Structures are given as structure tokens and as C-alpha cells.
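Worksheet: one structure, shown below.
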Amino acid sequence: MTEKLRTNYRWFILSLLFIATTLLYIDRSALGILAPHLQKEIGWNEAQYGMINSSFMVAYALCFIIMGTVIDRIGTRKGYLISIGIWSIATLAHALSRTWIGFAVSRFSLAIGQSGNFPSAIKAVAEWFPKKDRALAIGIFNGGSNFGTVIAPLIIPVLVLSVNNWRIGFLWTFPISLLWAFIWFRSYKKPENHKKVSVSELTYIMSDNDENSSVEKIGWGKILSYRQTWAIAVAKFMADPIWWFYLFWGAKFLNEKFGINLKEIGLPFFTIYMVSWGMGILLGWLSSKFLKMGWGINKGRKLSLLSCGIVALPVVLVPYVNNVWTAVALIALATGGHCGWSANVFSLMSDVFPKRATASIAGFGGFAGAVGGALAAFSIGKILQNIGVEGYSIPFAVAGCGYLIALLIIHLLVPHIKPIDIK
């Protein structure tokens, strides 16, 4: 029997990763969008809002380690189902909250489920894409973080204002999540076991697979002994809190600085995250282009990370501008730099470590990022409680410089990035 025309089923799998990440960010960003409204209705202060976000980050940090290990053990298919199931139920729980403590508990639960998204998705990309395409693939599915934050402020305010009830903002995605889980369960297998993958596509997926055939799990003692692990941790610890800052405090900043309300927030957020989505894909593509040009992992990834850091730098000026659209443009540029940074860091995980350790590495990186996010959320809440709107100059300064500082530390830790052959 002759070989069928080359299939492209890996792109269908990638579309499912994109949709799941979109749902994740819709559910995650709902609180930030509604925060100015809920702050008046529930009555929390800036410090308490910081504690709500810190509770999310603490759970995210703890569970990233657990979920990454679990996913490496039980597999991508089951791990992703568990993840989206937990976070979908936790999203519903927000609608039952009546105090800031109730929201803190709901956010803690949400983080438990959402901590499994990126370890699952990164592992899926490592299973379905060759190394030379992973930065692009990750840039595309990670674009769901932008798409989710783009459509959330367009849909959630309309829903909330139409029924005059903020709870709908936390309820409407549940049926969509159930449908996704059903499709994922029916569709996902490893490419070598999938009937819809042709021999030619499988050959392409495995084209630069130089990993040995061992399926033995890698222990944490060995994983933590490598400088590359700590370089990834630094990349996430320094950068992830910046993204959380934009997500959790972006609407509040625009409200307090420029008077942007729930009806008006849609267009600025749409602009910010559409620009950042496109830039994230572009910077991910640029990194993949460097590798295809023969630059190697070390030069290609580090120059890409440097480009992302430079793009993010002008955001330090945001607190000092007096025009809302100038502020939006600077934030959009910076969030685009972050998305490119994330795509390259996620790619480094699968570039450097074997597939059987990918989810664990992603989990450890997520843990480091969440620890940084928890510290940042607590600190930002305290700063704004004590200083007021002028205090935003501090987190924006950190947001502008953080990537370049992180890259310097990464270079000192790992002067030459190369794949690790773990026996």
C-alpha cells in the first residue's frame, strides 16, 4: 500500500493547546478586569487585593512542581484533563465568593488546576514537533495567553453589564471547557501511536530527535544538579511576575491613572494583547529562523532573548506619560517582548533537556516564576496601599529592566547552552 500524502495532524494538536491556553487566560484575567468594580462592591483594599493575588501565586508555585512531575509520570493526555477539570470548577467557585478571603480561596484553587497547563502543553509540543519548530509552535500556542486576554475584556464587561451581575464573568467559559476536554480525550495520543499521522509526518516530527530511547524517569536530585535548570528558573523568576503585574494590575492602573472604566477597558486591552500576540509569534519565529540559519541554540536563543529584553525596556516611561494611548502603546510593546521571551524560554526547556524530563523542568520553571509572582503581588499591594497611584513607577521600572538583568544572570550561569545527555 502506498504512503498517503503527508498529514499535518500536529497542527490540530497545536490548535487544541492554543484553545486551552486561551480558556486559561480568560478565566485567569476575569478577576483583573472586574477588580475596579469588585473592589467597590466587595470592599477590599489594595493590600487585600495583593493578598488575593499572592494566594494564587503561592498555590501556583507549590503545584507547578507537583503537576510537572505528575504529568511526566501519567502522560500528557491524562495530565491535561486533570488540569482543566480542576481549574474549571475553581472558576465557578469565584461566583460564590462574598469576601476578599473567599476570592483568595477561589484563586488558590484556580492555581492548582492552571499549574498543569504549561507543563502539559510544553510536553505536547516536545512530543509533536521537531526542535527546529518548537519556538514557533510554542509562540503560537502561547498566543492563547494573548488571545484570551484580548477577548476577555471584550466579552466579560458586555456579559456583566447586560445582566447586571458580575458573577456571569466567572461562569460562561465552563461549557466550553467541557467541550474541549471531550475533544482532547478523543484526539490526543503520541504521534507514533496515532492513526491519523502519516509516515512522512512522523518522520518529520522525529527528524532531529537525537534523544536516546530510555524511558527511565529523571529524579529531582539529578535535575537540580544542572546549571541549565537554574538558568531556566532565573528566566521565569524574573519575567513571570512582570506578566502577572500587567494582568492583575493593568486595568486598575488605567482606571486610576486615566479613569478608564469597565465599559471602556475593552479597546485598550484589545490593543495591548493583539500587539503582544503578534510580536510573540514574530519573536518566536525569529528564534526558529536563527536556528535554521545554523546559529546554534546558544547564539540563537540568547540573541532572541536580548531582542525581547530591549523591546520591553521603554515600559519604564509609562507612569510618566499623560496620554492613555501612549501608555497603552508602551505596555503593548513590553508585553510583546514578554511573549517572545516566554516562547524562547519554553523552547530552551525542550532544547536542553530530554523529553522525559520536559514537564518536570517546565514545572520547576513555573514554580520559580510563581514564587517571584507571589513576592511581587504582595509587594505591589503594599506599595500601592502606602503610596497610591504614584507607586506604580516602581513595578514599571522593574518590568522594564527585569529581562535584561535575567539574561545577564543566565549567561553567567550557562555561558554556552547545549543539550544535556542525561543517562
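The values are calculated or read from the model by the stated rules, or taken from the named source; none is laboratory data. The structure displayed is predicted, hence computed values, not measured ones. Note that we place each Cβ from the backbone using ideal geometry, even for glycine, and neighbour counts take in every protein chain shown. In case anyone asks, the SASA skips ligands and DNA or RNA and just uses the protein heavy atoms, side chains included. Shrake-Rupley method; radii C 1.70, N 1.55, O 1.52, S 1.80 Å.
Looking across 324, 328, one residue alone is buried (at least 19 other Cβ atoms within 10 Å of the Cβ), touching a Leu at 6+ places or on another chain (Cβ under 9 Å) and among the β-branched types (Val, Ile, Thr). It is 328.
Across segment 38-52, what is the number of residues that are in a helix (DSSP H, G or I) and under 17 Å from residue 169 (Cβ atoms)?
Final tally of qualifying residues: 7.
Residue 139: buried (at least 16 other Cβ atoms within 10 Å of the Cβ) and within 30 Å of residue 348 (Cα to Cα), yes or no? So residue 139 fits the description; yes. Among the residues making up segment 196-221, those that are farther than 24 Å from residue 288 by Cα, open to solvent by 80 Å² or more (accessible area, probe 1.4 Å) and modelled with pLDDT under 85 are 213, 215, 216, 217. From the list 287, 304, the lone residue that is over 22 Å from residue 156 (Cβ atoms), of a type outside the set (A, V, I, L, M, F, W, C), in a helix (DSSP H, G or I) and modelled with pLDDT under 85 is 287. Checking each residue in segment 117-157 for being more than 12 Å from residue 15 (Cα to Cα) and among the aliphatic types (A, V, I, L, M) picks out 122, 126, 135, 136, 150, 151, 152, 154, 155, 156. Residue 262 fulfils the conditions (1) surrounded by fewer than 21 Cβ atoms within 10 Å (Cβ to Cβ); (2) part of a helix (DSSP H, G or I) except for a single criterion, (2).
Contact map, segment 304-321: residues that are in contact (Cβ under 8 Å) with a residue 12 or more places away in the chain paired with residues that are among the acidic types (Asp, Glu) and surrounded by 23 or more Cβ atoms within 10 Å (Cβ to Cβ), Cβ distance under 8 Å, separation 6+ or inter-chain. No pairs are found. The residue that is nearest to the chain's Cα centre (by Cα), counting only those in segment 355-373 that are more than 13 Å from residue 134 (Cβ to Cβ) and modelled with pLDDT under 80, is 363.
Within segment 385-394, how many residues turn out to be in contact with a helix residue (DSSP H, G or I) (Cβ under 7 Å, 6 or more places away or on another chain) and open to solvent by 10 Å² or more (accessible area, probe 1.4 Å)?
Final tally of qualifying residues: 4.
Just one of the numbered conditions (1) more than 25 Å from residue 14 (Cα to Cα); (2) touching a helix residue (DSSP H, G or I) at 6+ places or on another chain (Cβ under 7 Å); (3) open to solvent by 40 Å² or more (accessible area, probe 1.4 Å); (4) not basic (Lys, Arg) is not true of residue 310: (2). In segment 153-169, the residues that are over 16 Å from residue 31 (Cβ atoms) form Cβ pairs under 9 Å with partners that are small (Gly, Ala, Ser) and surrounded by 15 or more Cβ atoms within 10 Å (Cβ to Cβ), at six or more places apart or across chains, as follows: 154/266; 158/266.
Of all residues assigned to segment 14-37, at least one qualifies as being open to solvent by 50 Å² or more (accessible area, probe 1.4 Å), under 30 Å from residue 193 (Cβ atoms), aliphatic (A, V, I, L, M) and part of a helix (DSSP H, G or I).
Of all residues in segment 150-178, those that are farther than 17 Å from residue 35 by Cα and over 22 Å from the mean Cα position of the chain (by Cα) total 3.
Tell me, which residue of segment 123-136 that is open to solvent by less than 10 Å² (accessible area, probe 1.4 Å) and at pLDDT 85 or above is farthest from the chain's Cα centre (by Cα)? Here the answer is 130. On the given criteria, is residue 103 over 30 Å from residue 135 (Cβ atoms) and crowded, with 24+ Cβ neighbours inside 10 Å? It is true that residue 103 is over 30 Å from residue 135 (Cβ atoms) and crowded, with 24+ Cβ neighbours inside 10 Å.
If you go through segment 137-159 and keep only what is modelled with pLDDT of 80 or more, farther than 20 Å from residue 245 by Cα and of a type outside the set (A, V, I, L, M), you end up with 141, 157. One residue alone among 168, 183, 156 is of a type in the set (A, V, I, L, M) and open to solvent by less than 40 Å² (accessible area, probe 1.4 Å), and that residue is 156. If the condition is being open to solvent by 10 Å² or more (accessible area, probe 1.4 Å), among the small types (Gly, Ala, Ser) and either closer than 25 Å to residue 381 by Cα or out of contact with any helix residue (DSSP H, G or I) (no Cβ under 8 Å at 6 or more places or on another chain) (or both), then segment 55-92 contributes 55, 75.
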